[in-house]
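All remarks here apply to the structure that follows.
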Amino acid sequence: MKIVFLDRDGVINEFPGNGNYVTKLKEFHFIPGALEALKRFKENGYTVFVVSNQAGVGKGIYSQKKLDLITRRMKEAVLKAGGKITKAYYCTHTNQQNCDCRKPAIGSIRAAMNMMKKPLSHAQHGYFVGDTEVDIAAGKNAGCKTIFVLSGMQDRRFVRGWKVRPDHIVKDLLAATDLIISNGHRSRRKAK
Ligand SMILES: [Mg+2]
Ligand SMILES: [Zn+2]
């Protein structure tokens, strides 16, 4: 099953700065190559979900409406570039709310697998791409293969201090896309 989970900030769009959020459309800028990456996923038959923590909503820093607008415009731009984000899942809760969707929890991945009418165990055939430890932890918790991209908040030195290890470390989403697609070709060849 060709399925990819992407974190948003620092993976698809420029990380907005330490401890900060994308609070308005003006602050949303695609990382170079990200739109091309999403196009390649689509061309190669991958289903792409966004799984993002946006506690800024829960904290009242920006509204759900603003987040919805940013999402709509992001998805439109991706479509226009020949890609597709099937659904963006956001956790808008704060740390204190103990929800099951704030990464490293996997409520959103579970919901995405439900939407695909697949058991959660099928997530092991998918990839999680993120720029922080919680992304890699969420991916691992769901059984996904994980890719740490260096286009966001943290560089590769951070990994040493993490409790989890990503399966791969690459420059950005475009490099991750190439890796996922070529691994996909390889495993299908093996399966024959
Ligand atoms: Mg991020
Ligand atoms: Zn949540």
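The values are calculated or read from the model by the stated rules, or taken from the named source; none is laboratory data. Quantities reported herein were computed from a predicted structural model and do not represent experimental measurements. Every residue, glycine among them, receives a Cβ derived from its backbone with ideal geometry; neighbour counts consider all protein chains shown. Protein only, heavy atoms only, side chains kept; ligands, DNA and RNA dropped before computing areas. Shrake-Rupley method; radii C 1.70, N 1.55, O 1.52, S 1.80 Å.
Within the stretch 43-56, if we keep just the residues that are within 16 Å of ligand 1 (Cβ to nearest atom) and not in a helix (DSSP H, G or I), the residue that is nearest to Lys66 (Cα to Cα) turns out to be Gln54. Of all residues in the stretch 121-139, those being open to solvent by less than 80 Å² (accessible area, probe 1.4 Å), under 17 Å from the mean Cα position of the chain (by Cα) and without any contact (Cβ under 8 Å) to a residue 60 or more places away in the chain number 3. Checked against (1) under 18 Å from the mean Cα position of the chain (by Cα); (2) β-branched (Val, Ile, Thr); (3) open to solvent by 10 Å² or more (accessible area, probe 1.4 Å), Thr94 passes all but a single condition, namely (1).
Select from the stretch 78-115 the residues that are touching a strand residue (DSSP E or B) at 6+ places or on another chain (Cβ under 7 Å) and outside any strand (DSSP E or B) and list them in ascending order. Hits for the stretch 78-115 are Lys84, Ile85, Thr86, Cys99, Cys101, Arg102, Lys103, Ser108, Ile109, Ala111, Ala112, Met115.
Among the residues of the stretch 1-37, those that are open to solvent by less than 30 Å² (accessible area, probe 1.4 Å) and among the acidic types (Asp, Glu) comprise Asp7, Asp9.
Going by the conditions given, is Arg156 touching a strand residue (DSSP E or B) at 6+ places or on another chain (Cβ under 9 Å) and at pLDDT below 95? Break it down stepwise before answering.
Values: touching a strand residue (DSSP E or B) at 6+ places or on another chain (Cβ under 9 Å): yes; at pLDDT below 95: yes.
Yes, satisfied.
Out of curiosity, is Arg40 open to solvent by 50 Å² or more (accessible area, probe 1.4 Å), of a type in the set (D, E, K, R) and not in a helix (DSSP H, G or I)? In short, no.
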